[in-house]
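Engineer: Handing you a structure now.
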Amino acid sequence: MQKIYRLVALLIATNFTLYAQEVTGLVVENIPNGKELPLAGANVYWLNSPIGATTDQNGRFTIPQDPKYDRLVISYIGFITDTLTIGAPKDIKHILLANNQLEEVVVEKKRDAVKKTFFSAQNVVTINSAELLKAACCNLSESFETNPAIDVNFNDALTGTKQIQMLGLTSPYLMITQENIPMVRGASQVYGLTFTPGTWVESIQITKGAGSVVNGFESISGQINTEIVKPLTDYPVFLNGYANLNGRLELNAHINQKISDRWSTGINVHANNRSVKVDNNGDGFLDAPLADQINVQNRWQYQNPETGWVSFLSFRYLNDDKQVGQVNYEPSIHRVNQGAALDGSEIWGSEINTNRFDSSAKLGYVFPELPFQSIGFQASYSNHKQDAYFGLNQYDIDHQSLYTNLIFNSIIGNTKNKFKAGLNAAYDGYDELVNDQAFQRVDRSLGAFFEYGYEDLERLSVTAGVRFDTHNRLGNFFTPRIHARYTPWERASLRASFGLGRRAANIFAENQRLFASSRVIQLNGNGGDIYGFDAEKAMNFGVSYLQGFTLFNRPGNVSVDFYRTDFENQVVVDWENPSAVRFTNLTGESFANSLQVEFNYEILPSLELRTAYKYYDVKTSYQTGLLQQPLQAQNRYFLNLGYETKIKENGSQWRFDYTLHTVGEQRLPGSENTVPTTQFGRVADGYSLMNAQITKVFSKKFEVYLGGENLTGVRQGNPVLGASDPFGPDFDTTVVFRPILGTMVYTGFRFKG
Amino acid sequence: MKKIVVVLMAMTLTNVAFGQNKNKKMTFEVNGKCEMCKTRIEKAALNVSGVKFADWSIPTHQLSLIVDERKTNAMAIKMAIAEVGHDSKELKATQEAYDNVHPCCKYREDNTDDGKSHH
């Protein structure tokens, strides 16, 4: 019997050791009837050594013997600890005596849901709320001014809308989510970022490269996720007022209340208005739109730490009206209908009116006993209705969208191996009117994803995901994506990523600025499923290297990124011909190479320098050849300086911020034509833009700021081509390569109650 | 041989009977002081087969674990932690292992939490 025991003990021992010499034994307690009961789980260890063992179910243990140690300690909660002197390998039997007092009381500390931040495999840049305050104005599209990962371009000469791009590709190729629900897409592609007020934003995460498979297959060059302020953690009362010298007024108010231990609710209200007509360049066109927006959000947050349930409910209603065009334009009087006979006295104007309703529900369950395991469910519905006309052109779009996502997070073996698995279902219904032509489309997709994440906690982390989708227009397809990070030495990070992405291009919604021109729209499709075109498909890969350092006791880092996006198909928007815009499927090549070198350092105590050089080689095969995308500068330079004084006891502080953007030469559309097609010539010269802001914090509750954008007043002299004859053949508002507005001074306050 | 198989099966059954928990929560103290210690301790714990989750708290020095009791036990985890230079109540790392920890982690000289002052 003893023999078998030994064998079994050996077989089930979890630690096979190389030690030939071991001490084995049996630990028992005496029970009243004179019998002995084996003690399972008793600690057996050599005093002051790193060697220990635990008794098994039968009270048996095996512990390696090392001549350096001869005191064997046997302990068990509720028993008196014994120390035996053992000099040589042998088999022992030991009886532990019960201790009437508890030797050890383990008090388990109640902890919050554990949140770990490991170095992520993905190239993620986080913009926190402090960073967002550096450029106080005004909405999400303007929140990237102090960050070199995102470039900001001008969308058109009329609306002042900023267009963001990453890795040389504009926002349709980015997945823009709000709390991980796809947000700026479809009908809201162009103006969507301006519909999230800046004060609502808690933080922004920018992922360069393909991104995760969890949120869908649409992202191609990157993902931007925005976290919105939460009722539980936002200020009970927050007020912000803003005004600039060009007549833009903004007001933000947040009111948050805790209703019970588990429920909180908040209302965020935003309103902005510009009723002052500005035409500084004297071309007879408004330099900035007359605008009016009301934006109201109500959020409910539920949290129950005992059961592990969390939930969010959000509702948002938005109404945004913009009027652009000639200064004297009065919509009720001057609107010209298509087909009307023109006598040359007409006034050109445009209105873009948007109504949007959003709602989302999130439900999450964290297994209370297993902090690494959770289930989440998200569902969102939005209805976006835009009615617009641009002179004679009419463009209306109705977009109803439904998105659901079910996700299960857990581990394989231990938390070094995590996975996410889940399902998505999406519905998009589009109803568009382009002049007198109606387009209707329904997109439906169902997808399943699995993402595996490995981290060894120090040097290596890998995220590999794949999803399979079935889409009524894009077909059935797999989307693989992989990200890896390796730390070759201290404070360094080497990253690589690869991924595929696909999307259905909403050609009109994304390019609606082209309606504000005399260009003829040509759809040269091939009978594909989306406006006669095929789905867009691209591959993205990239490598990056980040190195942290300390110089003169102050921290800094330097990084180099290279990414390439290669399109297999793209709906090419060719506007090289000044009188037309031609949409085609890609024939030939289309790619975007981007290189970024960034250097960040605290050059003096509390004085932070951030600087970056970016090179973009973004080429597409147009009718006139493989050309750099028009208005895409090849070279860009960025510099940001931030200085903060020490926070005094009452919370008061000064903050100073300065940003410089240098944009190199931009190729203008039509540069390859024999006669340059625009009066600007073939290329637009480079220029530099400077912004600065001063914030005076009076206390934890109150602060004011004063800032200036475009301090040197760089301006495009005549951004509207053919301004003198807006209904004529040369009218074009799309060739914008410099700011329209000159210097803009603004001021505002924040109150946090 | 047959006998052994029978005993083994019996053992498996007893394991079930004793209710060995595959998601057993346990907490014990491990000495250390900073973010680097935290990574080292958690990594050593997670490298023990059967440890699913490990979180070491810098201020309290408590290591919280979720382990599969069928595969491992506290002493085996403490041994793994001692091997990378960290002491627990029962087990002491060898001088050699302790010498290998980063100079900022020398908790035997000063066991205070200074996780905030460096990484």
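Engineer: Could you let me know the centre-to-centre spacing of segment B:74-93 and segment A:233-304, using Cα atoms, in angstrom?
Structural biologist: Using only Cα atoms to place each centre, the spacing works out to 56 Å.
Engineer: Another question about this same structure. Rounded, prolate or oblate: which fits segment A:250-364, taking a ≥ b ≥ c as square roots of the Cα gyration tensor eigenvalues, rounded meaning a/c under 1.5, else prolate when a/b beats b/c?
Structural biologist: Details: a/c = 5.23, a/b = 2.96, b/c = 1.77.
Prolate.
Engineer: With just the Cα atoms defining each centre, how far is segment A:593-629 from segment A:375-415? Give it in Å.
Structural biologist: The distance from the Cα centre of segment A:593-629 to that of segment A:375-415 comes to 31 Å.
Engineer: Normalised radius of gyration for the protein assembly as shown, please: alpha carbon Rg relative to 2.2 N^0.38 Å, two decimal places.
Structural biologist: Working: Rg = 32.9 Å, N = 872, 2.2 N^0.38 = 28.8 Å.
Rg over 2.2 N^0.38 Å, computed on Cα atoms: 1.14.
Engineer: Within 10 Å of each Cβ in peptide A:47-59, how many partner chain Cβ atoms are there on average? Round it to a whole number, please. Present the calculation step by step, with values, prior to reporting the outcome.
Structural biologist: Working: counts 3, 6, 7, 19, 8, 11, 4, 7, 2, 4, 6, 2, 0.
The shielding value for this peptide is 6.
Engineer: Place the peptides B:92-100, A:734-742 in order of packing, highest mean first, counting for every residue the other Cβ atoms within 10 Å and averaging per peptide. All intermediate terms of the calculation are to be shown ahead of the outcome.
Structural biologist: Numbers: B:92-100: 15.6, A:734-742: 21.1.
In descending order of packing, they fall as A:734-742, B:92-100.
Engineer: Still on this model: Which parts of segment A:502-523 would a label at A:ALA580 reach, counting a residue when its backbone N lies under 20 Å from a point 7 Å out along Cα-to-Cβ?
Structural biologist: So the set is A:507-508, A:511-523.
Engineer: Taking 22 Å as R0, compute the FRET efficiency from the Cβ-Cβ separation of A:LYS35 and A:GLN57 and round it to 0.05. Working shown, then result.
Structural biologist: On the way: r = 17 Å, r/R0 = 0.78.
Efficiency computed from Cβ-Cβ geometry: 0.80.
Engineer: Considering Cα pairs under 8 angstrom that are at least six residues apart, work out the relative contact order of segment A:599-753 and quote it in whole percent.
Structural biologist: Values: 338 pairs, mean separation 26.2, N = 155.
Relative contact order of segment A:599-753: 17 percent.
Engineer: Whats the longest run of chain A with zero GluC sites (Glu not before Pro) that are DSSP loop and have at most 13 other Cβ atoms within 10 Å?
Structural biologist: Details: sites that count: A:GLU103, A:GLU104, A:GLU108, A:GLU306, A:GLU369, A:GLU458, A:GLU490, A:GLU589, A:GLU649.
Answer from the scan: A:109-305.
Engineer: Sticking with this structure for a sec: Calculate the mean, over all residues of peptide B:45-55, of how many other protein chain Cβ atoms lie within 10 angstrom of the residue's Cβ. Mind dumping the intermediate values first?
Structural biologist: Values: counts 1, 8, 4, 3, 4, 3, 4, 11, 9, 4, 7.
For peptide B:45-55, the averaged partner shielding equals 5.
Engineer: I've got another one for you. Most exposed first by the Cβ proxy, i.e. fewest other Cβ within 10 Å, how do A:TYR563, A:TYR242 rank? Working shown, then result.
Structural biologist: Working: A:TYR563 25, A:TYR242 22.
Least to most surrounded, the residues fall as A:TYR242, A:TYR563.
Engineer: A follow-up question, please. What list of ³J(HN,Hα) values in whole Hz, one per residue of segment A:334-349 in order, does the Karplus curve 6.51 cos²θ - 1.76 cosθ + 1.60 (θ = phi - 60°) give from phi, with Gly and Pro shown as x?
Structural biologist: 9, 4, 10, 8, 4, x, 5, 6, 9, 10, x, 9, 5, 10, 8, x
Engineer: Please report the relative contact order for segment B:21-105, taking Cα pairs under 8 Å with a sequence separation of at least 6, and give it as a percent rounded to a whole number. Walk me through the intermediate numbers first.
Structural biologist: Values: 155 pairs, mean separation 27.6, N = 85.
Answer for segment B:21-105 is 32 percent.
Engineer: Let me ask something else. Give me the number: length gained by fully extending A:GLU665 to A:LEU607, i.e. 0.36 nm times residue separation minus the C-alpha to C-alpha distance, one decimal in nm.
Structural biologist: Numbers: separation 58, 0.36 × 58 = 20.88 nm, distance 3.10 nm.
Difference between extended and current length: 17.8 nm.
Engineer: Estimate the FRET efficiency between A:LEU423 and A:ILE267 by the formula 1/(1 + (r/R0)^6), using the beta-carbon distance for r and 25 Å for R0, to the nearest 0.05. Could you put the intermediate results ahead of the total?
Structural biologist: Values: r = 33 Å, r/R0 = 1.31.
In this case the efficiency is close to 0.15.
Engineer: Something else about it: What list do you get for A:SER517, A:SER445, A:SER212 if you sort them by fewest beta carbons within 10 Å? Intermediate results must be reported in sequence, preceding the final value.
Structural biologist: Numbers: A:SER517 28, A:SER445 20, A:SER212 24.
So the residues, fewest neighbours to most, are A:SER445, A:SER212, A:SER517.
Engineer: Follow-up question, since we're still on this one. Report the full-extension gain for the segment A:SER724 to A:ARG459: residue separation times 0.36 nm, less the Cα-Cα distance, to one decimal in nm. Present the calculation step by step, with values, prior to reporting the outcome.
Structural biologist: Working: separation 265, 0.36 × 265 = 95.40 nm, distance 6.35 nm.
Fully extending the segment from A:SER724 to A:ARG459 adds 89.1 nm.
Engineer: Taking each residue of B:91-97 in turn, how many C-beta atoms of other protein chains fall within 10 Å of its C-beta, and what is the average?
Structural biologist: Partner Cβ neighbours, averaged per residue: 4.
Engineer: Rounded to a whole number of µm²/s, how large is the Stokes-Einstein D of segment A:218-302 at 10 °C and 1.306 mPa s, given Rh as the Kirkwood radius over C-alpha pairs? Could you put the intermediate results ahead of the total?
Structural biologist: Details: Rh = 15.7 Å.
This corresponds to a translational diffusion coefficient of 101 µm²/s.
Engineer: Still on this structure, I have one more. Listing A:LEU342, A:LEU193, A:LEU318 from the residue with the fewest other Cβ atoms within 10 Å to the one with the most, what is the order?
Structural biologist: Numbers: A:LEU342 10, A:LEU193 24, A:LEU318 19.
Listing A:LEU342, A:LEU193, A:LEU318 from fewest to most nearby Cβ atoms yields A:LEU342, A:LEU318, A:LEU193.
Engineer: Further question: Could you order the peptides A:656-662, A:64-70 from most to least packed, using the average number of other C-beta atoms within 10 Å per residue? Kindly include the intermediate steps, with their values, before the conclusion.
Structural biologist: Details: A:656-662: 18.7, A:64-70: 15.1.
Answer by packing, highest mean first, reads A:656-662, A:64-70.
Engineer: Here's a follow-up. So what's the angle, to the nearest 10 degrees on a 0 to 90 scale, between helix A:2-12 and the longest Cα principal axis of chain A?
Structural biologist: With rounding to tens, the tilt is 10 degrees.
The numbers here are math on the coordinates, done by the rules we state, and not lab data. Here the structure is a predicted model, which is why all the values come from computation and not from measurement. Every residue, glycine as well, gets a Cβ built from its backbone with ideal geometry; the counts of neighbours run over all protein chains shown.
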